[in-house]
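A short write-up of the structure that comes next.
The values are calculated or read from the model by the stated rules, or taken from the named source; none is laboratory data. Since this is a predicted model, take the numbers as computed values, not measurements. Cβ placement follows ideal geometry from the backbone for every residue including glycine, while neighbour counts extend to all protein chains displayed. All accessible areas refer to the heavy atoms of the entire protein, side chains included, with ligands and DNA or RNA removed. Shrake-Rupley method; radii C 1.70, N 1.55, O 1.52, S 1.80 Å.
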Amino acid sequence: MSKTILILGATGLTGGITTQLLLDDPEVAHVKIVTRRPSGINHTKAQDIVCDLMDLGAIASHFTGDAVICCIGTTKAQTPDKDEYYKIDHGIPVAAAQLAQQQQIPQFIVVSSLGTSVKSPFFYVRTKAEMERDVKKLGIGFTHIMKPSFINGRPDAARKGEKWLKRGMAVLDAILIGPLKKYRSVMASDIAKAMVYLVHHPLPDIDIDNPQIKVLSQRYES
């Protein structure tokens, strides 16, 4: 069956890869790109839905399909103001999930992070945890929360300091074995492949951690 997928965050690293996989997927007929500015993607399957991401209710009539994939996220460096950060990392995914529920979209997939906790003393970790909690409360038929550790695959110059972090993670990955393997860095392309696999093969699991992401990405490739 041909599917219609909505994606938020299509211009980011993971979202961009996911969008391309969806456009290349013969089982996906239509990709709705929910974006605050034109994506620049020229493809017969692609449709830009340009809107204020802080007011998704304004596009409710366009918010229809078989699944929503939310790759929206920011960083402390990009958004130092905590109120703005919360509106992006918590507000947008939760609003998208609420709209998906209202429009009876049966599947919602969102990228979060490993190690989240609503009791964390760290604002940024707690924000992700509160987003996960509020998305889960909605009870959408198939909800998948991707929980990667450090996301790799970005060009070295894309973010200040990330080149050195990537080198450090490469060393750390080599010594993270056994139960610590879940803390290894993960390629953005593996997250994207895992999410597209889940679009076609939803699981009862809600939280999808690093090891599961790797397994699902391999299933996508097989």
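Could you say whether any residue in region 12-21 is outside any helix (DSSP H, G or I), surrounded by fewer than 20 Cβ atoms within 10 Å (Cβ to Cβ) and hydrophobic (A, V, I, L, M, F, W, C)? No, the conditions are met nowhere in region 12-21.
Candidates in region 57-73 are the residues that are modelled with pLDDT of 95 or more and assigned to a loop (DSSP other than H, G, I, E, B); of these, the one that is surrounded by the fewest Cβ atoms within 10 Å (Cβ to Cβ) is THR64.
For region 191-208, the condition holds for at least one residue, the condition being that it is modelled with pLDDT under 95, of a type in the set (Asp, Glu) and not in a helix (DSSP H, G or I). Among all positions in region 148-160, there is at least one residue which is open to solvent by 10 Å² or more (accessible area, probe 1.4 Å), closer than 16 Å to ILE69 by Cβ and either touching a residue at least 24 places away in the same chain (Cβ under 8 Å) or under 13 Å from the mean Cα position of the chain (by Cα) (or both). Checked against the criteria, ALA29 counts as under 18 Å from HIS200 (Cβ atoms), modelled with pLDDT of 95 or more and either in contact with a Gly (Cβ under 8 Å, 6 or more places away or on another chain) or surrounded by fewer than 18 Cβ atoms within 10 Å (Cβ to Cβ) (or both).
Summed over region 96-127, the residues that are open to solvent by less than 60 Å² (accessible area, probe 1.4 Å), outside any helix (DSSP H, G or I) and aromatic (Phe, Trp, Tyr) give a count of 1.
Residues in region 46-56 that are open to solvent by less than 60 Å² (accessible area, probe 1.4 Å) and either in contact with an Asp or Glu (Cβ under 9 Å, 6 or more places away or on another chain) or among the β-branched types (Val, Ile, Thr) (or both): ILE49 only. If you go through region 74-95 one residue at a time, do you hit one that is buried (at least 19 other Cβ atoms within 10 Å of the Cβ), part of a loop (DSSP other than H, G, I, E, B), touching a helix residue (DSSP H, G or I) at 6+ places or on another chain (Cβ under 9 Å) and touching a residue at least 60 places away in the same chain (Cβ under 8 Å)? Among the residues of region 74-95, not one is buried (at least 19 other Cβ atoms within 10 Å of the Cβ), part of a loop (DSSP other than H, G, I, E, B), touching a helix residue (DSSP H, G or I) at 6+ places or on another chain (Cβ under 9 Å) and touching a residue at least 60 places away in the same chain (Cβ under 8 Å), which makes the answer no.
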